[in-house]
Amino acid sequence: MVQYLDSVCEILVIIFYFSLLKFRDAPAGIRTRASAVAGLYHTTRLPALIYVLKGSKILKDFQQTLYMDLILDIGGTKIEAMVLDSVKVISHKRFLHTSFLKDLKSVLRSFSSSYEIEGVAYSVAGQVKNNKVVKSPNLPGLNNFDLINYTKQFFPNAKIVLANDANCFAYGESLIREVRDVFIGVVWGTGLGSGIIINNRIIEGNNGIAGELGHIKLNHNYKCGCGKKGCLEAAVGGRYLEKRLKKSVKILLSGNYDLFENETLNWLSAGLEKAVHLLNPSHIIFGGSIGENLPPNYLENLKKKIEENLSFNTSFKLGITSSTSYAVIKGCRELLNSEKLHF
Ligand SMILES: [Zn+2]
């Protein structure tokens, strides 16, 4: 019996030990203890009872090493909050904000009292540079606001990171697809944003506006929310399309409306053609409420149209994400795990 328990304990100790190595920030003390128990077994062959006791102590410590992260996706009208442990989503809540900072405060307070959070990642609609929101047209209260310091009062020991929402999407999607060269992620929903990833790095640019494909200028006069005319976003962003075509995005996506097909194809291909000439990406992948629902024939036509206007031979994949929110979670999580990703 003792011999049997002995073998079981040895196996458990070894499994614990190798599991711990896989987890982020497993305290060195626990690893050492696991090693010591394994070593003790081999050198002294103490009765199984010791290993059972040691094993239960290790299990207790091990449970404490299961880390939890809070991911906050901040949009113009809502805050989406997700708590994840090392493997799965534990809580997913959506809040509509009326007074942004006040609402954010109550979200942070409620999550800080309910969970032991180790990492907080913000995905924010706006211009972000070096973990700071420089400008957010839809959330003026965030302009130059030190969101990270503000969050520290609720999570004093947590690692806190902040990135532009399209960058989070592009980063996550490039990781999911294991693309290591030049990747462009386009979030096409109420507006149009994009993120550039090169060799697994988010390209923020000098002031955080790299990849603002939605605001490159085309030959039209539609007025954009940024205050300028001619932006790609003003021609194809969902909120502009609905206003101009007087149809909901859902109906427009059903594919029966030539205006949507022809006009957005023209403007979008014109914008993406510039991006291809500038960056020569291997992938352009769409996410967002419109992007992730694009029918295959629309993508085929769009690709043809872009290629017609290219001055050089090149190949790239044009596709859609399987889930925008999963890509954003993946991107945020990796930001928390990485030391330095912005350039
Ligand atoms: Zn604009």
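Taking I306 as the residue in question, decide whether it is closer than 28 Å to E80 by Cβ and either in the same structural domain as T190 (by TED's automatic domain parsing) or out of contact with any helix residue (DSSP H, G or I) (no Cβ under 9 Å at 6 or more places or on another chain) (or both). So I306 fails the test.
Restricting attention to the stretch 94-129, the residues that are assigned to a loop (DSSP other than H, G, I, E, B), in contact with a Lys or Arg (Cβ under 9 Å, 6 or more places away or on another chain) and within 16 Å of G75 (Cα to Cα) total 2. Residues satisfying the criterion are present in the stretch 148-159 (criterion: of a type in the set (G, A, S) and more than 15 Å from the ligand (Cβ to nearest atom)). Residues that are over 18 Å from S123 (Cα atoms) and assigned to a loop (DSSP other than H, G, I, E, B) within the stretch 313-343 comprise N313, T314, S315, F316, S322, listed in sequence order.
Being surrounded by fewer than 17 Cβ atoms within 10 Å (Cβ to Cβ), within 15 Å of the ligand (Cβ to nearest atom) and not hydrophobic (A, V, I, L, M, F, W, C) is the requirement here; does G237 meet it? Judged against the criteria, G237 is not a match. Applying the condition of being near the ligand (Cβ under 7 Å from one of its atoms) and in a helix (DSSP H, G or I) to the stretch 203-234 and asking which residue is surrounded by the fewest Cβ atoms within 10 Å (Cβ to Cβ) yields H215.
Would you kindly identify the strands (runs of 3 or more DSSP E) lying entirely within the stretch 130-189 that contain at least 3 residues that are surrounded by 21 or more Cβ atoms within 10 Å (Cβ to Cβ)?
159-164, 182-188
If you go through the stretch 199-221 and keep only what is touching a helix residue (DSSP H, G or I) at 6+ places or on another chain (Cβ under 7 Å) and farther than 21 Å from S338 by Cα, you end up with G211, L213, G214, H215, I216, L218, H220. On the basis of being within 30 Å of Y257 (Cα to Cα) and assigned to a loop (DSSP other than H, G, I, E, B), does L310 make the cut? Considered against the rule, which asks whether it is within 30 Å of Y257 (Cα to Cα) and assigned to a loop (DSSP other than H, G, I, E, B), L310 comes out as yes. As for the stretch 217-239, it holds no residue that is under 21 Å from I320 (Cα atoms) and free of Cβ contacts under 8 Å to residues at least 24 places away in the same chain. The residue that is surrounded by the most Cβ atoms within 10 Å (Cβ to Cβ), counting only those in the stretch 190-202 that are part of a strand (DSSP E or B) and within 16 Å of the ligand (Cβ to nearest atom), is L192. The number of residues in the stretch 240-263 being away from the ligand (no atom under 16 Å from the Cβ) and either among the hydroxyl-bearing types (S, T, Y) or more than 17 Å from G288 (Cβ to Cβ) (or both) comes to 14. Of all residues in the stretch 86-111, count the ones that are polar (S, T, N, Q) and over 18 Å from C332 (Cβ atoms). The number of residues fulfilling the criteria is 4.
The values are calculated or read from the model by the stated rules, or taken from the named source; none is laboratory data. The shown structure was predicted, so the numbers you read here are calculated from the model rather than taken from an experiment. Methodologically, a virtual Cβ is constructed for each residue, glycine included, from the backbone with ideal geometry; neighbour enumeration extends over all protein chains shown.
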